[in-house]
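J.: Below are the structure tokens for one structure; questions will follow.
The values are calculated or read from the model by the stated rules, or taken from the named source; none is laboratory data. What you are looking at is a predicted structure, and each value in this text was computed from that prediction instead of being measured. Cβ coordinates were reconstructed from backbone atoms using ideal geometry, including for glycine residues, and neighbour counts include every protein chain displayed.
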């Protein structure tokens, strides 16, 4: 009887449990069906179960169609699927929730951005599968990208505007653009700092004090003229306008637009004064009955000539007689209107003379001015009557070519190149002057003369980068590169302060003993917003902006400090090699800087090797030789980096204090199968041996390359065969565990 009762009770409990389980399953299914995100159970890389929203996201009509498909097909590629697995593995195994954003693939094949959240059902038994929550954020990503692009455009307009802009908040300026600072003779940061320093503590009067007084009484709505004072004391007349940034929220402050009208007012004053003088003169002559009609006519002609002269001065360059920026703007406005009305082409060429500054510096401005006059005549002779050749200033010219398409503009540029090949005779000087040109086309490269000129200027800059004495058409990629370079330059200004730079080191192996004799210091930049940036991209920006000097000194100090730490840790014979840019090398104080850093670190000079490029002595071999001699006198070793890829003069090389040639990896890469590369490498090694120099091969990746180099008598090698560039702690570990190899066969097993 008792057993029967127990069986009944057990059956009742099972029925209750079964009912609870069915209720839980219904609740779970209701939760899945009503969820606003996609939910899927993945088991053995297959969709075991999912809700309708998951199926809808991937383009399935209902959830049953998605069940059973491989989860690999939901990803952009198999590599992306594997990468997700590697990224999520540790978190999931630890029982944590893994979150990420990835591009996935819909059933139609289209890629989209999604937010993924994953969790193992049982971390102790991963084979039971995982739960993934997926949200389609493709539209959100597109909106973010659009917002980012809009903000970049706004910042670019602010920084490149040809008018002064300053934001005013709570009675003080918060920021200004470079044009306003330049207009007043300051750097932007200096101008804002000066305006925000209390008057009792300033060493100089802020030129924005007048603006502060006007802003206090204008209440965010001002239009008029004000007078500001330049850093050098001269007065700057400005047209000024102010508006609230947000009319509904005055705490956001005001924005002020200022246009320098000093020159315009000066010309207007001359016009007014001259006109007054002429009118007075005419009045006097009219009252003089003795003056003949002929005299009266003469006075009228004088007045007309003066007015024409004033008009000419306002619209033409006084040196060359070419139209100036004002007349170019007038003519371009009419030409663009015609091009729009007739759907006809129009081109703008921005021309800059290559190395014109050398003429002024060496022969004087008088010769330079005479040269500009002749160049202007030659430019005018090349183009048509309806074309405009304008001088913007210095050695910059702009050509406006109505009706010219890309082919026509290219023909004009070719004619300009041809004309420049004939030398100019200035007194007893015979001078050659080549142009670099950029071409912009209406309307794709700009809708007005300012944007067309800016695009052509960018293209001209690329022409200079690609060898000068040529022309380039503007492309959107050029604009993107300019924006990217500006972005990197701005980010770089605080990179040292934010500790974003690090040094990695790559071992250099002696091919005679297999020992690690030295390491090469290689700069790396991990920027907070932009991520890892290649040295090939940021080093040229650093050189163009002048920041390479500060960065180079940082590299030198930190590399030597790290070498000091390795010496103290038991590696006293290790050397370090540091790359020098040509700009660093040409600094007169370089030898003193190197000597001071070595003295402060108590490192022997013989432990430092400076790697130079082949072009350091192109323009001034004598100065380069003096710098090398000064460094060698201090005991520092000098090597020639990437030998064979740049400008090499063997007559200079034998005079330089170089002890090592580094064979560029472009010659080493194909040693296995390229007889030309083998011949070049062999010749470099033989030449170095004849000159008493050592050789180091870069980019060694295979045992066959290593064997060839050893057979040819190469002294050192570096490359992935031995080690990638590593942070200092990993180099320390490598030095501690490394065993020199003696034979090539041993090198294969010890290299990594």
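J.: Residues that are farther than 30 Å from residue 490 by Cα: which strands (runs of 3 or more DSSP E) entirely in the range 515-632 hold 3 or more of them?
T.: 516-527
J.: Let me ask something else. List the residue pairs whose Cβ atoms are under 7 Å apart, where the first residue sits in the range 81-104 and is closer than 21 Å to residue 122 by Cβ, the second is exposed (fewer than 13 other Cβ atoms within 10 Å of the Cβ), and the two are 6 or more positions apart or on different chains.
T.: none
J.: I've got another one for you. I'm checking my understanding of the structure. Among residues of the range 502-514 that are touching a helix residue (DSSP H, G or I) at 6+ places or on another chain (Cβ under 7 Å) and in a loop (DSSP other than H, G, I, E, B), which one is surrounded by the most Cβ atoms within 10 Å (Cβ to Cβ)?
T.: 511
J.: Tell me which of these residue 730 doesn't satisfy, since it passes every other one: (1) surrounded by fewer than 18 Cβ atoms within 10 Å (Cβ to Cβ); (2) modelled with pLDDT under 95.
T.: In the conditions (1) surrounded by fewer than 18 Cβ atoms within 10 Å (Cβ to Cβ); (2) modelled with pLDDT under 95, residue 730 misses (2) alone.
J.: Also: As an exercise: evaluate residue 535 against (1) within 20 Å of residue 698 (Cα to Cα); (2) touching a helix residue (DSSP H, G or I) at 6+ places or on another chain (Cβ under 8 Å); (3) modelled with pLDDT under 90 and give the number of the one condition it does not meet.
T.: (2)
J.: Another one. Considering the range 52-78 alone, what residues qualify as being more than 16 Å from residue 37 (Cβ to Cβ) and over 44 Å from the mean Cα position of the chain (by Cα)?
T.: 61, 62, 64, 65, 67, 68, 69
J.: Just checking, how many residues over the range 336-370 are modelled with pLDDT of 90 or more and under 34 Å from the mean Cα position of the chain (by Cα)?
T.: Residues in the range 336-370 being modelled with pLDDT of 90 or more and under 34 Å from the mean Cα position of the chain (by Cα): 11 in total.
J.: Only one of (1) modelled with pLDDT of 90 or more; (2) in contact with a strand residue (DSSP E or B) (Cβ under 9 Å, 6 or more places away or on another chain) is not met by residue 642, so which one is it?
T.: (1)
J.: Being in contact (Cβ under 8 Å) with a residue 12 or more places away in the chain and either in the same structural domain as residue 337 (by TED's automatic domain parsing) or surrounded by fewer than 18 Cβ atoms within 10 Å (Cβ to Cβ) (or both): is that true of residue 450 here?
T.: Taking the combined requirement at face value, the residue satisfies it.
J.: Filter the range 542-588 down to residues that are touching a strand residue (DSSP E or B) at 6+ places or on another chain (Cβ under 8 Å) and surrounded by fewer than 16 Cβ atoms within 10 Å (Cβ to Cβ), then give me how many there are.
T.: Within the range 542-588, residues that are touching a strand residue (DSSP E or B) at 6+ places or on another chain (Cβ under 8 Å) and surrounded by fewer than 16 Cβ atoms within 10 Å (Cβ to Cβ) number 2.
J.: Could you tell me which numbered condition residue 414 fails, if it satisfies all but one of (1) at pLDDT 90 or above; (2) more than 30 Å from residue 159 (Cβ to Cβ); (3) within 35 Å of the chain's Cα centre (by Cα); (4) surrounded by 14 or more Cβ atoms within 10 Å (Cβ to Cβ)?
T.: It fails just one condition, (4).
J.: Can you pull out every residue in the range 217-239 that is exposed (fewer than 14 other Cβ atoms within 10 Å of the Cβ), touching a residue at least 12 places away in the same chain (Cβ under 8 Å) and more than 34 Å from the chain's Cα centre (by Cα)?
T.: The answer is 221, 223, 224, 225, 227, 235.
J.: Need a quick list: helices (runs of 4 or more DSSP H) entirely within the range 116-223 having at least 2 residues that are at pLDDT 80 or above and closer than 30 Å to residue 39 by Cβ.
T.: 138-160
J.: Please tell me if residue 236 is closer than 18 Å to residue 161 by Cβ and not assigned by TED's automatic domain parsing to the domain that holds residue 310.
T.: So residue 236 passes the test.
J.: Still on this model: For residues that are closer than 30 Å to residue 302 by Cβ and surrounded by 14 or more Cβ atoms within 10 Å (Cβ to Cβ), scanning just the range 240-264, find the one that is farthest from the chain's Cα centre (by Cα).
T.: 264
J.: Still on this structure, please answer the following. Does the range 432-443 contain any residue that is crowded, with 18+ Cβ neighbours inside 10 Å, over 19 Å from the mean Cα position of the chain (by Cα), under 22 Å from residue 373 (Cα atoms) and modelled with pLDDT under 90?
T.: Looking for residues that are crowded, with 18+ Cβ neighbours inside 10 Å, over 19 Å from the mean Cα position of the chain (by Cα), under 22 Å from residue 373 (Cα atoms) and modelled with pLDDT under 90, one finds at least one in the range 432-443, hence yes.
J.: Hey, does the range 258-278 have a residue that's modelled with pLDDT under 85, in contact with a helix residue (DSSP H, G or I) (Cβ under 8 Å, 6 or more places away or on another chain), assigned to a helix (DSSP H, G or I) and over 30 Å from residue 376 (Cα atoms)?
T.: Among the residues of the range 258-278, not one is modelled with pLDDT under 85, in contact with a helix residue (DSSP H, G or I) (Cβ under 8 Å, 6 or more places away or on another chain), assigned to a helix (DSSP H, G or I) and over 30 Å from residue 376 (Cα atoms), which makes the answer no.
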